[in-house]
1. Would you confirm, using the coordinates I've provided, whether VAL109 is more than 17 Å from THR40 (Cβ to Cβ), of a type in the set (Val, Ile, Thr) and modelled with pLDDT of 95 or more?
2. Testing ASP189 on (1) open to solvent by 60 Å² or more (accessible area, probe 1.4 Å); (2) closer than 29 Å to ALA16 by Cα; (3) without any contact (Cβ under 8 Å) to a residue 40 or more places away in the chain; (4) assigned to a helix (DSSP H, G or I), one condition comes back false. Which one is that?
3. Taking the options GLU221, GLU160, GLU169, GLU258, name whichever one is more than 21 Å from VAL54 (Cβ to Cβ) and in contact with a His (Cβ under 9 Å, 6 or more places away or on another chain).
4. Residues being open to solvent by 40 Å² or more (accessible area, probe 1.4 Å) and of a type in the set (Gly, Ala, Ser): count how many of those fall in region 205-227.
5. I'd like to check something: does region 239-260 contain any residue that is surrounded by 13 or more Cβ atoms within 10 Å (Cβ to Cβ) and closer than 21 Å to ALA102 by Cβ?
6. For LEU179, which of the numbered conditions (1) exposed (fewer than 15 other Cβ atoms within 10 Å of the Cβ); (2) under 20 Å from the mean Cα position of the chain (by Cα); (3) in contact (Cβ under 8 Å) with a residue 40 or more places away in the chain fails to hold?
7. Of everything in region 158-171, what is surrounded by fewer than 17 Cβ atoms within 10 Å (Cβ to Cβ), free of Cβ contacts under 8 Å to residues at least 40 places away in the same chain and assigned to a helix (DSSP H, G or I)? Give them in sequence order.
8. Looking at (1) in contact (Cβ under 8 Å) with a residue 40 or more places away in the chain; (2) farther than 24 Å from GLY144 by Cβ, find the lone condition where ALA225 falls short.
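The values are calculated or read from the model by the stated rules, or taken from the named source; none is laboratory data. This structure is a prediction, so every number in the text was calculated from the model and none was measured. Neighbour counts are summed over all protein chains in view; Cβ atoms, including those assigned to glycine, are modelled from backbone coordinates with ideal geometry. Side chains are part of the model used for accessible areas, which takes the heavy atoms of the whole protein and leaves out ligands, DNA and RNA. Shrake-Rupley method; radii C 1.70, N 1.55, O 1.52, S 1.80 Å.
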Amino acid sequence: MSSEPLVLYTVANKIARVVMNRPGAMNAMSRGMITELRRTLERAQSDPNVSVIVLAGAGGNFCAGDDLKETEHQTAEDFLALILDLQRITRLLLLGEKPSVAAMDGYAVGGGFELALACDFRVASTRARMGCVEACVGMVITGGTSMLLPHLVGQGVAREIILMADIFEAASAQRMGLLHRLVEPELLDAGVQALADKLLSRAPLSLRESKQLLNRPLEVELERAFQNEIEAIMRCFGTVDAHEATVAFREKRPPVFEGK
């Protein structure tokens, strides 16, 4: 087992860099990593030396979603605790006082895509690949995505992304209006830095108040979405199809769903 921390945290020039650090698993979200990510974001939001938060992934991928190897052995109670922590992470990124930027490279799918949606800004490299793939593994969207994605791209596009469950390229994401910057892979860090530097040049109190104004109409909808998503995903957890998806993942074959 690696002794590397599951989440890396560094601060330089008022920018906190929060890096999901399971590169061998494409930064898939284990229970431990989710807990550490929530704690690290709490730290960044309360750190007086931080004005902007950048969320990234190690090893050339942002985050490949839930760790299906863990899901196969989770109890309902463990799974619910995980979903609640994911909701806390959404609140920290979206409703927290400090602007957040997702630096997206490689795969940002499932829960990883949902983390990026919760950020104020999304900067992606041209090799980034995104999507809500939950319907491919017998699960449903979480993290407030049922509200956030239609808010960003409209109901029609959101339905295609969620129900078709395809993985799409960064150029498509930009056309949908999901991205604020699209850059070549070697320019991702520079693109994120330039955006963060511009935010740092603005009045901090104005940014905080403006973010709160933008968030206020969303807060009630977001909490309702959280409750709806918990009820839906707990109905899916423990089904034959959800179990089949985890077994198929382990056996490296396509799942055969039965609608049970």
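1. Taking the combined requirement at face value, the residue satisfies it.
2. Result: ASP189 passes all but (3).
3. Going through GLU221, GLU160, GLU169, GLU258 in turn, just one is more than 21 Å from VAL54 (Cβ to Cβ) and in contact with a His (Cβ under 9 Å, 6 or more places away or on another chain): GLU221.
4. 2
5. No, region 239-260 contains no residue that is surrounded by 13 or more Cβ atoms within 10 Å (Cβ to Cβ) and closer than 21 Å to ALA102 by Cβ.
6. (1)
7. ARG159, GLU160, LEU163, MET164
8. (2)
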